[in-house]
Amino acid sequence: MISIWDANVELKIDDRFHVIRSAREAVAFLKKSWPDNRSASYATARKVCLDAANGVVPGAEARAAFEAAAKEAGILRQT
(Lines give C-alpha, C1' and ligand atoms only; values in the text may rest on other atoms or scores of the structure.)
Protein backbone atom coordinates (compact mmCIF):
# COMPACT_ATOMS: atom_id res chain seq x y z
CA MET A 1 0.00 0.00 0.00
CA ILE A 2 1.31 3.45 -0.92
CA SER A 3 1.06 5.93 1.92
CA ILE A 4 0.19 9.41 0.65
CA TRP A 5 1.66 12.30 2.63
CA ASP A 6 -0.63 14.66 4.53
CA ALA A 7 0.77 17.57 2.52
CA ASN A 8 2.45 17.57 -0.89
CA VAL A 9 5.98 18.83 -1.42
CA GLU A 10 6.16 21.22 -4.36
CA LEU A 11 9.40 21.70 -6.26
CA LYS A 12 10.48 24.07 -9.00
CA ILE A 13 13.33 23.24 -11.36
CA ASP A 14 14.02 25.30 -14.48
CA ASP A 15 10.54 26.87 -14.49
CA ARG A 16 8.92 23.43 -14.21
CA PHE A 17 6.85 22.45 -11.21
CA HIS A 18 6.80 18.99 -9.65
CA VAL A 19 4.45 17.73 -6.94
CA ILE A 20 5.65 14.88 -4.74
CA ARG A 21 2.87 13.10 -2.83
CA SER A 22 4.54 10.06 -1.23
CA ALA A 23 7.81 8.48 -0.20
CA ARG A 24 7.69 6.26 -3.28
CA GLU A 25 7.37 9.30 -5.57
CA ALA A 26 10.17 10.99 -3.63
CA VAL A 27 12.51 8.03 -4.16
CA ALA A 28 11.82 8.07 -7.90
CA PHE A 29 12.40 11.83 -8.07
CA LEU A 30 15.61 11.60 -6.04
CA LYS A 31 16.97 8.92 -8.37
CA LYS A 32 15.91 10.36 -11.73
CA SER A 33 15.28 14.09 -11.54
CA TRP A 34 17.34 15.56 -8.69
CA PRO A 35 19.77 18.34 -9.65
CA ASP A 36 23.49 17.56 -9.69
CA ASN A 37 24.13 19.34 -6.37
CA ARG A 38 23.72 16.31 -4.10
CA SER A 39 24.57 16.89 -0.47
CA ALA A 40 24.42 14.92 2.76
CA SER A 41 20.76 15.93 3.12
CA TYR A 42 20.12 14.36 -0.31
CA ALA A 43 21.63 11.07 0.89
CA THR A 44 19.60 11.22 4.10
CA ALA A 45 16.38 11.94 2.21
CA ARG A 46 17.02 9.08 -0.20
CA LYS A 47 17.59 6.60 2.64
CA VAL A 48 14.66 7.78 4.77
CA CYS A 49 12.25 7.91 1.81
CA LEU A 50 13.29 4.41 0.73
CA ASP A 51 12.76 3.18 4.29
CA ALA A 52 9.33 4.86 4.39
CA ALA A 53 8.38 3.34 1.03
CA ASN A 54 9.21 -0.04 2.55
CA GLY A 55 7.15 0.71 5.68
CA VAL A 56 10.14 0.96 8.04
CA VAL A 57 9.77 4.64 9.03
CA PRO A 58 6.73 6.95 9.13
CA GLY A 59 5.81 8.91 6.02
CA ALA A 60 5.99 12.18 7.95
CA GLU A 61 9.67 11.56 8.67
CA ALA A 62 10.34 10.91 4.98
CA ARG A 63 8.45 14.03 3.96
CA ALA A 64 10.46 16.16 6.39
CA ALA A 65 13.77 14.74 5.14
CA PHE A 66 12.78 15.20 1.50
CA GLU A 67 11.60 18.76 2.10
CA ALA A 68 14.85 19.62 3.93
CA ALA A 69 16.94 18.27 1.06
CA ALA A 70 14.85 20.18 -1.48
CA LYS A 71 15.21 23.38 0.50
CA GLU A 72 18.98 22.94 0.72
CA ALA A 73 19.15 22.25 -3.03
CA GLY A 74 17.18 25.45 -3.69
CA ILE A 75 14.32 23.66 -5.48
CA LEU A 76 11.63 23.78 -2.79
CA ARG A 77 8.75 25.91 -4.03
CA GLN A 78 8.01 28.58 -1.48
CA THR A 79 4.33 29.53 -1.46
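The values are calculated or read from the model by the stated rules, or taken from the named source; none is laboratory data. In this text, all values refer to a predicted model and were calculated from it rather than measured experimentally. Quick reminder, even Gly has a Cβ in these numbers, built from the backbone with ideal geometry, and neighbours come from all protein chains shown. The accessibility values were calculated without ligands, DNA or RNA, using every heavy atom of the protein model including side chains. Shrake-Rupley method; radii C 1.70, N 1.55, O 1.52, S 1.80 Å.
I want the local charge near Ile75. Using Cβ-Cβ distances under 13 Å, sum +1 for each Lys or Arg and -1 for each Asp or Glu among the other residues. Please list the in-between numbers first.
Values: positive: Lys12, Arg16, Arg38, Lys71, Arg77; negative: Glu10, Asp14, Asp15, Asp36, Glu67, Glu72.
Charge balance near Ile75 sits at -1.
Comparing Phe17, Phe66, Phe29 in a Gaussian network model of the chain (Cα springs below 10 Å), the most mobile by mean-square fluctuation is Phe17. Which far-off residues, 5 or more places away or on another chain, put their amide H under 5 Å from the one on Val57, with H placed in the peptide plane? Sorted by chain and number, the residues that satisfy this are Ala52. Computed extension gain for Ile4 through Ala64, at 0.36 nm per residue and net of the alpha carbon distance, reaches 20.2 nm.
Summing +1 for each Lys or Arg and -1 for each Asp or Glu among the other residues whose beta-carbon sits under 15 angstrom from that of Glu10 gives +1. Per-atom-type breakdown for the chain gives carbon and sulfur 48% of the accessible area (1.4 Å probe, protein chains only). The label point for Arg21 and the one for Lys71, both projected 7 Å from the Cα toward the Cβ, are 2.5 nm apart.
Skip the ligands, DNA and RNA, and give the accessible area per residue of the stretch 2-71 with a 1.4 Å probe, whole Å².
Solvent-accessible surface per residue comes out at 59 Å².
Can you tell me the relative contact order of the stretch 2-71? Whole percent, Cα pairs under 8 Å, sequence separation 6 or more. Mind showing how you got there, number by number?
Numbers: 88 pairs, mean separation 23.1, N = 70.
The normalised contact order for the stretch 2-71 reaches 33 percent.
Multiply the residue separation of Gln78 and Asn37 by 0.36 nm, subtract the distance between their alpha-carbon atoms, and state the gained length in nm to one decimal.
Numbers: separation 41, 0.36 × 41 = 14.76 nm, distance 1.92 nm.
Difference between extended and current length: 12.8 nm.
For the chain, the longest principal axis of the Cα atoms and the long axis of helix 23-32 meet at an angle of about 40 degrees.
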